[in-house]
Each structure stands twice: as C-alpha cells, then as structure tokens.
Amino acid sequence: MVRAALLVGVSQYGTGLKPLSEAPKDAEAIARVLRDPDIGGFEQVSTLTNPTVGEMQEAIERFFKDRQRDDLVLFFFSGHGIKDDSNRFYFGTQSTRKDEQGKLVRSSAVSANFVQEIMDDCRSKRQVVILDCCFSGAFGHNVRAKDDDSVEIKGQLGGEGRAILTSSTSTQYSFEQSGAELSVYTRYVVEGIETGAADLDNDGNISVDELHDYARQRVREAAPAMKPEIYPVKEGYKIFLTKAPVDDPALRYRREVQRYASRGEISSVSRTMLEFQRQALGVLPETASLIEEEVLQPYQAYKENLRRYQQVLLEALQKGSLDADTREDLQRFRYFLGLRQEDAQVIQDSILNDCHIQVEQAFREQDWVEAIAPLQLLLALQPDNRECQVKLDHARRQKQLAEWYNEARWLSRSERWQEVIQKLERIRALAATYPDPEHLWETAQTQLSVRPRPTSQIQPVPSHPSQSRLVQKQSSSPGGSVIPIMITIALLWLLSGVVGIALSTGLSVTDEPQISLAVVGAITGAIDGVLTGLWLNATTRRSPKLLISGGIVGGVLGAIGWALAYGILNADPMTWSGSGATVGALLGFVTGAIVLWGLAQTKQP
C-alpha cells in the first residue's frame, strides 16, 4: 500500500484572471504535513507550480497511473477554478485566459472531465481530491450561466471510493485574504492535520470527514460566507488521511481553549480555569499563548473583515447615496471578505442606529454642525426617508442662522452697527423669532440713534447695498468741529516740518544736496504720514493698517517735495535759516495735506 499525493499550486494566469500569490504556498504547506512521518507518512509527495496545460495533464495522468487498489492517492489543487456558461468546470493553468468577450479559452485550461476520466481509470479505491479554488465564472459579457452561482462538483469529479473536499462552491468567492500566508481554507486544513485538532473522535487517526468538519467550522468562524463542502462516494467518507497524537497535553489544552472560546473571546472566569488546566497538563506558558492565538485567529479575522467592510461602506455613504454600481462594488467586496448578507445588514443597522443617536443628541444640544453629517449618512442609506430630509434642511438652516448671528456679534465689537442691523434683518427674514441673547438688535438701534452726525450727513437708511456703502463712506469721513481739527492738523504739519529741518542741520547723505534733501523729505513725510494716521485712527476709528500706507505715501511725497523746493525756490533747507524753516514747514504742510486727503478717501474696513 502506497500513500501518494500530487499538489498543484497556480498563481500566474493569462488575460482576464487575477494572480493568486498564496496558491504555491498552499501546496507547499500541504506537502510539509503529508511528508512528516509522524503525521502524514506519505511516501510519494510531488508539487507542481504554475504548470502549462500539457504539463498539468501529463502530471495528473502519470500520478494516477499504475496504482493498486489499496493505495491512498490525494490530489490537491489551489488556484482558479473556472466554469463556462454550460456549467462545465475547468482547472486554471499559467496559460489559462479569457477572450475579448470574457469567455474562457477552453484549450488554455484543464477540464474536470479529463481529470475525472483519469481518476476513473485508476485502480485505487481510496482517492481524495481537495480543491481550494476561487470558482471564477467565465460566461462572457451579458451572458448568464444556465444555473445559479454554484458549481456541480460531484457529478464532474465524483466516483466510487472517492472523496472530494472543496473550500467553496460559489463562483463569487475570492479565496485570498490580504496579508495572509495561506488561503483561508488551506490554513485550517493544515492546522487540523498538524496539531491533531481534526481528530474529533480522539482515536489517533484523522479521516476525510473529520478533516472536513474541522476545516469547515474554522472557516465559517473566519469567513461565514464560505461554505466548504464534502462529496463522498461509497467508501470515500471514511478514508483515513493522517495520524494524530493521542492524549497529547498540548492537544488537550487546545480543545479546552476551543471550548471556552466558542464566541471568539475568553472570559476572565474561563481564563482562570484555563490557567489551572495548563498547569495540570504541564503545558508551557509560551505554548499555551501560541495555542490561544491560533484558536482565536479566525474570530479576530472575522472581526477585522467586519471593520473593513464598515469602513468602506462609510466612505461610500459619505460621497452620497448608493447608486447601482456602488452597491454592486460593495457586494463584491463583501464576497471578497467572506461575509454574508446578514453580516452586511448588521453593519448597516449599526450605522443607522449610531446616526440616530448622534442626531438626537445634536438636536437636543442644538449643535447643528454635528447633526448634519449623520443625517446625510441616514439619507444615503434611506434616500426616501422624508423625516430625515426635513431634519437635515432644518439643521442646515439653523447652522446658517448661527453663522450670521456670529458674524453680527463680531461686527458689533467693531461698532459697525449698520452692518449688524443688516445681518440681523437677514436672520429675521428666515426666522422671525430667532433668539438674540446678546441683544444686538436693541444695542445697534440705540447706537445708531445717538451717534452725533452733521445735519448735512443725515440720510435715510439705504435699501440697496451700494447705498449702504455710500452712507458708510460719508459717515466715516472726518467731521464734527472743523476748527479744532484744522488746528490739530496744522500742529502735526508744523511738527513734521521742524523735525525735518532739525534733521537737515546735521544730515548729509552725499555731496549732492538734492539727494540729501530727498532723504530728509522722506523721513519728514513718513513721520507726518504716521502721525496723521494715528490721529485719524483715534478720531474716526479707521484701520491701523492705514498707518503703513500713510507712512509710505508721506515718505515718497516728502522726498519729491523737498527736492523740488530746492530747485524751484533755490532755498537751501540744509542750513538753519528762515528760508530753510519756511520751506520745511511748507513742505510738511503740503505732505500732510496730501496724506490726509488720501486717508480720508479710503473706505472704512
């Protein structure tokens, strides 16, 4: 009696089929446990990676040839399984591809019919086939299969004394999981054999049906949408594959962990009991930790897949309602993660519940900004929900009103009362009873009624924005008593002129008097511009930014004025004389007048 295995892993494909990087690793992992004399005890183990059609057919035919009745032969395939529009199944090879219409090029793949014929001709009555396949449909564009998404495996590969194990029969399942070393199904097949955990009756042997039951349970914990199946024919159900240790302390501890972690978590009470059992069995702490990690892994993978699906769903919802294409993409992603429709529904219900809670809290606290986002999510999931639409409109309106009121509050701090009134009128137009906790309306009305203005400047309240700006400009120009203002300006001009003359007595930039005079004039003009700007800011509430423009304009005009004075009057203001003082005062007066005029024409910010 010979125990032989042929293990095929195909990761590379032609046009239309995505690569499956885990497939060769799956074959190597199975080979490792089958070669182990204490576990599998297989004398002949062959692996085949990325074969062509001819290479795969020849290897299969050679493998099943010249076998004896009592020989145990195991054929393992990890890769793309493809069915055509007639529901005929094919094994993918590195040359397998689809044509421009998306239909399988049949000559590029190995048909299940060929494999079945080879196995039927084999004399062995203990044949095991393990298929870890992504069953890809290849029906062509706009063509439906003749049946549902399942693949009829038993009829195409079954036979007397043969057991067929499949990871899934769905054409929509994608067997890879990001970051995993092995595919989901192979991972738990190897785990069940290598640890002995698949020996469910603890008789020291792992049969085909026990391996299936163990792998199926573990797979469903990690990816509930996957449905591993077994198709035994006559004696195929009780074929013994490998050996398992009996009364092994580590295996006994593993079974206890599996019992306590049936829900994916180990409670504090269960952990205390496990610690007593670990000590009684003599299992090392590091071994126990590794066992617990392996047992809990599928539950953690399932939770991670739920989290990933929820994240992708939320991202899609934030972009708006889910159209048909988006829903189809989400369905594909759910299949890829191995999640069921009920898993997706639970996630959706959780999102709806969280959004309702957030909306209720936001409305209770009148936090309209926080209310908008969850309401948008609710409408994306339930576009016909009229109540949510009404609430969203209300929240947006209240947010806008709050922003306007906040703007009015800031305008009041600058005592721009006319603009405060305009903001509040916009608010009252949308919500006549909108609260005014800071009494901005009454304050603005009072301030506008008591502000002193010349009779000639009193104008009706404008009804158009352009009229409002005109009134604002006129009301912000220097007004009030003219004589004190002119006296102040004259003193500022005289001060700047005297400063200029004082500087001119000892400042000589170059031998050219015009350049020296220009420098003195620039300093004088800048001083006058800044002083005038300070005074205007104090009396007319203009922006401090005008000090910069006043200084620059004053400096430029002062430099030009002093240089021109030298040429026109032929008076040398570089010496302390009556003519120099006259020129300095005169030019300070002119410079200040120009700066004042410029500042007076500038709009109030």
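The values are calculated or read from the model by the stated rules, or taken from the named source; none is laboratory data. The structure displayed is predicted, hence computed values, not measured ones. Ideal geometry is used to build each Cβ from the backbone, glycine not excepted, and the neighbour counts take in all protein chains shown.
For (1) among the basic types (Lys, Arg); (2) closer than 21 Å to residue 313 by Cα, each residue gets a yes or a no:
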site	(1), (2)
332	yes, yes
345	no, yes
350	no, yes
356	no, yes
360	no, no
375	no, yes
385	no, yes
391	yes, no
397	yes, no
Sole exception among (1) in a helix (DSSP H, G or I); (2) crowded, with 18+ Cβ neighbours inside 10 Å; (3) hydrophobic (A, V, I, L, M, F, W, C) for residue 339, by number: (1)
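Looking at the range 121-140, can you tell me whether even one residue there is among the β-branched types (Val, Ile, Thr), at pLDDT 90 or above and more than 42 Å from the chain's Cα centre (by Cα)?
Within the range 121-140, the first condition is being among the β-branched types (Val, Ile, Thr), and the residues that meet it are 128-130.
From what is left, the residues that are at pLDDT 90 or above are 128-130.
Subset that is more than 42 Å from the chain's Cα centre (by Cα): 128-129.
Within the range 121-140, one or more residues are among the β-branched types (Val, Ile, Thr), at pLDDT 90 or above and more than 42 Å from the chain's Cα centre (by Cα).
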Residue in the range 276-283 that is part of a helix (DSSP H, G or I), in the same structural domain as residue 158 (by TED's automatic domain parsing) and in contact (Cβ under 8 Å) with a residue 24 or more places away in the chain present: no
Qualifying positions in the range 56-104 - under 26 Å from residue 232 (Cβ atoms) and in contact with a helix residue (DSSP H, G or I) (Cβ under 6 Å, 6 or more places away or on another chain): 60, 61, 64, 76, 78, 79, 89
Residue match in the range 68-83 (condition: at pLDDT below 95, assigned by TED's automatic domain parsing to the domain that holds residue 30, touching a His at 6+ places or on another chain (Cβ under 9 Å) and at positive phi): no
Hits in the range 242-277 (condition: under 15 Å from residue 298 (Cα atoms) and under 37 Å from the mean Cα position of the chain (by Cα)): 257, 258, 260, 261, 262, 263, 264, 265, 266
Contacts under 7 angstrom Cβ, first residue in the range 101-113 being under 10 Å from residue 82 (Cβ atoms) and not assigned by TED's automatic domain parsing to the domain that holds residue 61, partner at pLDDT 95 or above and β-branched (Val, Ile, Thr), 6 or more apart: none
Those residues of the range 30-59 which are assigned to a helix (DSSP H, G or I), without any contact (Cβ under 8 Å) to a residue 60 or more places away in the chain and under 19 Å from residue 127 (Cα atoms), in sequence order: 31, 35, 56, 57, 58, 59
Extreme residue, farthest from residue 154 (Cα to Cα), among residues of the range 91-110 that are over 39 Å from the mean Cα position of the chain (by Cα) and crowded, with 19+ Cβ neighbours inside 10 Å: 108
Pair list, Cβ < 6 Å and 6+ apart or interchain, from the range 1-23 residues that are within 19 Å of residue 130 (Cβ to Cβ) to residues that are surrounded by fewer than 22 Cβ atoms within 10 Å (Cβ to Cβ) and of a type in the set (Gly, Ala, Ser): 6/46; 7/31; 11/21; 20/11; 23/11
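Let's see how each residue does on (1) part of a loop (DSSP other than H, G, I, E, B); (2) crowded, with 18+ Cβ neighbours inside 10 Å; (3) not assigned by TED's automatic domain parsing to the domain that holds residue 163:
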{"position": "211", "(1), (2), (3)": "no, yes, no"}
{"position": "218", "(1), (2), (3)": "no, yes, no"}
{"position": "226", "(1), (2), (3)": "yes, yes, no"}
{"position": "241", "(1), (2), (3)": "no, yes, no"}
{"position": "251", "(1), (2), (3)": "no, yes, yes"}
{"position": "262", "(1), (2), (3)": "yes, no, yes"}
{"position": "265", "(1), (2), (3)": "yes, no, yes"}
Residue in the range 324-335 that is surrounded by 17 or more Cβ atoms within 10 Å (Cβ to Cβ), hydroxyl-bearing (Ser, Thr, Tyr) and assigned to a helix (DSSP H, G or I) present: yes
Odd one out for residue 328 among (1) free of Cβ contacts under 8 Å to residues at least 24 places away in the same chain; (2) in contact with a helix residue (DSSP H, G or I) (Cβ under 7 Å, 6 or more places away or on another chain): (2)
Failed condition for residue 343, given (1) touching a residue at least 60 places away in the same chain (Cβ under 8 Å); (2) closer than 30 Å to residue 445 by Cβ: (2)
Residue in the range 148-167 that is modelled with the lowest pLDDT, counting only those that are part of a strand (DSSP E or B) and over 10 Å from residue 87 (Cα atoms): 162
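Looking for something closer than 26 Å to residue 375 by Cβ, among the polar types (S, T, N, Q) and free of Cβ contacts under 8 Å to residues at least 40 places away in the same chain - is there at least one such residue anywhere in the range 310-325?
Looking only at the range 310-325, we keep the residues that are closer than 26 Å to residue 375 by Cβ, and these are 310-325.
Of the ones still in play, those that are also among the polar types (S, T, N, Q) are 310-311, 318, 321.
Narrowing further to those that are free of Cβ contacts under 8 Å to residues at least 40 places away in the same chain: 311.
Yes.
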Output for the range 291-313, where each listed residue is under 21 Å from the mean Cα position of the chain (by Cα) and among the hydroxyl-bearing types (Ser, Thr, Tyr): 302, 309
Scan of the range 350-383 for residues that are surrounded by 16 or more Cβ atoms within 10 Å (Cβ to Cβ), farther than 12 Å from residue 399 by Cβ and either among the acidic types (Asp, Glu) or without any contact (Cβ under 8 Å) to a residue 12 or more places away in the chain (or both), ordered by number: none
Index of the failed condition, residue 193 passing every other in (1) touching a strand residue (DSSP E or B) at 6+ places or on another chain (Cβ under 9 Å); (2) part of a helix (DSSP H, G or I); (3) within 30 Å of residue 342 (Cβ to Cβ): (3)
Single condition residue 77 does not satisfy, out of (1) crowded, with 20+ Cβ neighbours inside 10 Å; (2) free of Cβ contacts under 8 Å to residues at least 12 places away in the same chain: (2)
Test result for residue 43, among the charged types (D, E, K, R) and surrounded by fewer than 16 Cβ atoms within 10 Å (Cβ to Cβ): yes
